[in-house]
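A short write-up of the structure that comes next.
The values are calculated or read from the model by the stated rules, or taken from the named source; none is laboratory data. Being a predicted model, the structure only gives us computed values, none of them experimental. Don't worry about glycine lacking a Cβ; one is built from the backbone with ideal geometry, like all the others, and counts go over all protein chains shown.
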Amino acid sequence: MNRQRSLLSNWATGVAAFLLLVANTLACCTVLFLLALVKLLVPLARVRAPLDRALNAVATCWVTGNGVWMRLTQRTEWDIQGSADLDTSRWYIVACNHQSWVDIFVLQRMLNRRVPLLKFFLKRELLYVPVMGLAWWALDFPFMRRHSKRTLRADPRRAIDDAETSRRACAKFSRVPTSVMNFVEGTRLTSRKQAAQASPYRHLLKPKTGAMVASLETLGDKFSAMLDVTIIYPGGVPTFWDFLCGRVPRIVVRYRQVAIPSVARDAQRSAAQVRASLAGWLARVWAEKDAQIESLVTGAPSGPAGSR
């Protein structure tokens, strides 16, 4: 009987949280779409910057509203530690490990109004998601194509599609301060994916540098730093429905600012040399992240990542 009551209570919490999320989304998107219509009908450079600021402000209100329903419906213990000197007037590139759709809400909650609005790289298929797809388009979120290995073998030129999309998006980001968010592993972590790619990390997949390199090439000196974020779910990786139902007892977040290597801005080096250098740098950051997760999960002293 107690178990049935608990399940019913969790289900009711999930429905309430979902309805509040939908109400918040529809209210904010109504305003967002009106601004997007102006953006579409008046494609003048001099109106784009103020329009972008207005669109970002509406999106920030959406994130704030989500924080309200989280406080009303969730009992999650948040353990967040990291840099205090963040600034909404600066540009950041944000790198984070990826385990669940919940990661996005965690990032938005912890960084809201501390850094500029997070802009994510999204799969192109998400453009057709009702309501949100149009909202992401209006906010200049970059939509990336995912080509199969067979397609790339047939037409290697397709490999540069995402890089070009990233560059075009980042050129738009240069108008107002932006946090360019990148789940550099490219997909959510699973043990099967770790085994398939022979990941050298205990808690992570191999990082990919393509979108990050394109961002650095386009925005250059605008980035103040890379914000390295690590998310851990001590009670197990939740689904989004688990999160809505309040079944996430604790979320641990650690974040730090990492200086971007000067090689990213070195015009004397070839693109291949820059990518190789940044790949090595990101691999070192990822090894430190893996050791940090191991320390937080097991309580053991932090050390270099080992093989799985």
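Taking segment 36-63 as the range and being touching a residue at least 60 places away in the same chain (Cβ under 8 Å) and under 16 Å from GLY133 (Cβ atoms) as the test, the residues that pass are ALA36, LYS39, LEU55, ALA59. Within the option set LEU35, LEU51, LEU40, being modelled with pLDDT of 90 or more and part of a helix (DSSP H, G or I) holds for one residue only, LEU35. Whenever a residue of segment 170-195 is under 19 Å from THR239 (Cα atoms), its partners that are in a strand (DSSP E or B), lying with C-beta atoms within less than 7 angstrom and at least six residues away or across chains, give the pairs PHE183/CYS96.
Looking only at segment 55-69, residues that are closer than 18 Å to PHE240 by Cβ, of a type outside the set (Gly, Ala, Ser) and under 19 Å from the mean Cα position of the chain (by Cα) come to 3 in all.
Looking across GLY220, GLY236, one residue alone is closer than 20 Å to PHE183 by Cα and in a helix (DSSP H, G or I). It is GLY220. What do you reckon, is THR239 at pLDDT 90 or above, of a type in the set (S, T, N, Q) and either surrounded by fewer than 18 Cβ atoms within 10 Å (Cβ to Cβ) or closer than 21 Å to ARG188 by Cβ (or both)? For THR239, the condition - at pLDDT 90 or above, of a type in the set (S, T, N, Q) and either surrounded by fewer than 18 Cβ atoms within 10 Å (Cβ to Cβ) or closer than 21 Å to ARG188 by Cβ (or both) - is met. The helices (runs of 4 or more DSSP H) found entirely in segment 106-216 that carry 3 or more residues being at pLDDT 75 or above and surrounded by 15 or more Cβ atoms within 10 Å (Cβ to Cβ) are 132-138.
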